[in-house]
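Q: Handing you this structure, nothing more for now.
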Amino acid sequence: MHLRAGRLTEAVEQYDRLMHISEFQAWIRARYDDTDRARGPSKTFIWFAEEFGELAHAIGTFEKGEANGDNLREEFADCLAWMCTLANICDVDLEQALQEKYLKDGGPKGTK
Ligand SMILES: [Mg+2]
């Protein structure tokens with residue numbers, strides 16, 4: 001009984017931490033949209049590419065067994081944040097795009 005209650009509590013706590021991609025994209029828009037739109041898509045893509053490089057380095061470190069979990073999570077978060085930024089300034093709803101490409105009708109056939 002105690003275990004089940006613990007699992008329920010854990011599930012509720014986890015649910016509280018969940019968010020939709022659209023919520024995160026909206027948060028990025030609310031916080032950064034003016035500066036992001038002023039910078040524009042091309043320059044923003046360069047920032048995104050830089051973060052991609054940082055993620056590549058963190059993954060390389062992970063593969064060598066020298067993982068710094070905090071840094072690896074941070075770089076994944078940075079890439080997603082810049083992806084949301086790019087989507088915002090290109091007027092793309094990421095959640096809609098994901099639904100259409102990957103979830104609707106069983107998703108893409110074969111590879112991504
Ligand atoms: Mg980074």
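Q: Please compute the Cα-Cα pair-distance distribution of segment 49-91 with 5 Å bins starting at 0, giving whole percents from short to long.
A: The calculated distribution, bin by bin, is 6, 26, 25, 19, 12, 7, 4, 1.
Q: Can you give the Kirkwood hydrodynamic radius for the chain, in Å, rounded to one decimal and based on Cα pairs? Each step should come with its number before you reach the end.
A: Details: mean 1/r = 0.0604 Å⁻¹.
Evaluated over the chain, this radius sits at 16.6 Å.
Q: Is any helix in the chain, taking whole DSSP H runs, at least 18 angstrom long along its axis by alpha carbon and on average at least 0.0 on the Kyte-Doolittle scale, and which ones?
A: Details: long enough: 2-17 (23 Å, -1.11); 21-39 (23 Å, -1.16); 41-63 (32 Å, 0.12); 69-89 (30 Å, 0.17).
Going by DSSP H runs, the hits are 41-63, 69-89.
Each reported figure results from applying straightforward, stated rules to the coordinates on display, with no laboratory input. These numbers were taken from a predicted model, which means no experiment stands behind them.
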